[in-house]
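Before any comments, here is the structure.
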Amino acid sequence: MNGVLSIFVHNRLTMLWVDHKNYFGPDRRHKHALRLRERRQYDYAGRAPSLSQAIRQLRLHVIDARGPQGAGAFMDRANAVAMLADMSEETEAAHMLTRLAAGMGRARDTDMRPQIYAALDRIQGAMLTYN
């Protein structure tokens, strides 16, 4: 995961983060003064959330994590939270979140919500600091 993070700014406080129903993660747009063909009508980019806040939000998204579409959306969000954990130097939590997302990818057709809640409890227990 560190190779992916080298693309983005490492400082979580200055990095722009997008929280939208279709995308959750770092703002991938380039820093240009003039943005031609901009598809966004509203700028959803803001400060990156703290890791504990992102995990609490991830816990709320477990409700919709069933079926192929809901599991895919949860998987994307879990990978973005893993990126936040890695940026916050919580490598064990980042690894556990990545494994959780990979497990969701293998079992898209089953209801894994009880296992997700248990995994999120273990992830919060593995965090070294409470952000």
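The values are calculated or read from the model by the stated rules, or taken from the named source; none is laboratory data. Model, not experiment: these values are computed from the prediction. Using ideal geometry, Cβ is built from the backbone for each residue, glycine included, and neighbour counts are taken over all protein chains shown. The area values use the complete protein model at the heavy-atom level, side chains included, leaving out ligands, DNA and RNA. Shrake-Rupley method; radii C 1.70, N 1.55, O 1.52, S 1.80 Å.
Structure summary
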quantity	calculated
Accessible area of the range 59-106 belonging to carbon and sulfur atoms, whole % at 1.4 Å probe	53 percent
GluC sites (Glu not before Pro) lying in DSSP loop within the range 73-125, provided at most 12 other Cβ fall within 10 Å	GLU89
Karplus (6.51, -1.76, 1.60) ³J(HN,Hα), θ = phi - 60°, over the range 90-104, in Hz, Gly and Pro reported as x	9, 5, 5, 5, 5, 5, 5, 5, 5, 5, 4, 5, 5, x, 5
Charge context of VAL62, other residues only, Cβ under 12 angstrom, K/R +1, D/E -1	+2
Total formal charge among the other residues, if their Cβ is under 10 angstrom from that of LEU128, Lys/Arg +1 and Asp/Glu -1	-3
Long-range tail of P(r) for the range 45-131 (Cα pairs > 21 Å, %)	22 percent
